[in-house]
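Everything on this sheet refers to the single structure shown next.
The values are calculated or read from the model by the stated rules, or taken from the named source; none is laboratory data. These figures come from a predicted structure and were not determined experimentally. Here the Cβ positions follow ideal geometry from the backbone for every residue, glycine too, while neighbour counts run over all protein chains shown.
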Amino acid sequence: MINKIVLPVAILLVVNYLAKKFLLYQKVTFKIKKVNFNNNILNPKLSIVVTAFNPTNATAKINNLICDIFVNNKKVGVATNDYEIVVNKNSSDDLVLNVSILPITTIFSIFEIFKDYGGEIKITGSTEVDGIKLPIDVNYQI
């Protein structure tokens, strides 16, 4: 008799677990909050603050973020974030991407954008939300 109860309960738990994972995959979104560039030609640093939004009733664990960074449609660098960020249910949290900037010609194009206060920064890549790979495609107007 116990075996007849255990199997349906186990199936319900698995279905509930998978439903939460699918909901996180559909609902978790990202937005660029702030962009900083230190304007130092010898040691250039581009830092991007990204906000992760979790409008679900489940906690989201976000990790393994890997993104290409584009400035006015030119690839300027790559950003990775290996540490885990926990975004509680119905909330948001910020993560900072420190961008590895590509060669010197790219640095000059970044200088021009920040000097003239115009342009677009785009992040494309992926991250894992509770073990499920989620694509990221975010734009930010300067």
Select from the range 48-60 the residues that are in a strand (DSSP E or B) and either buried (at least 16 other Cβ atoms within 10 Å of the Cβ) or modelled with pLDDT under 85 (or both) and list them in ascending order. ILE48, VAL50, THR51, ALA52, PHE53, ASN54, ALA60
Please pick out the residue among ALA79, ALA60, ALA52 that is over 26 Å from GLU120 (Cβ atoms) and among the small types (Gly, Ala, Ser). ALA60
For the list (1) in a strand (DSSP E or B); (2) at pLDDT below 85, I need the number of the one condition that VAL6 fails. (1)
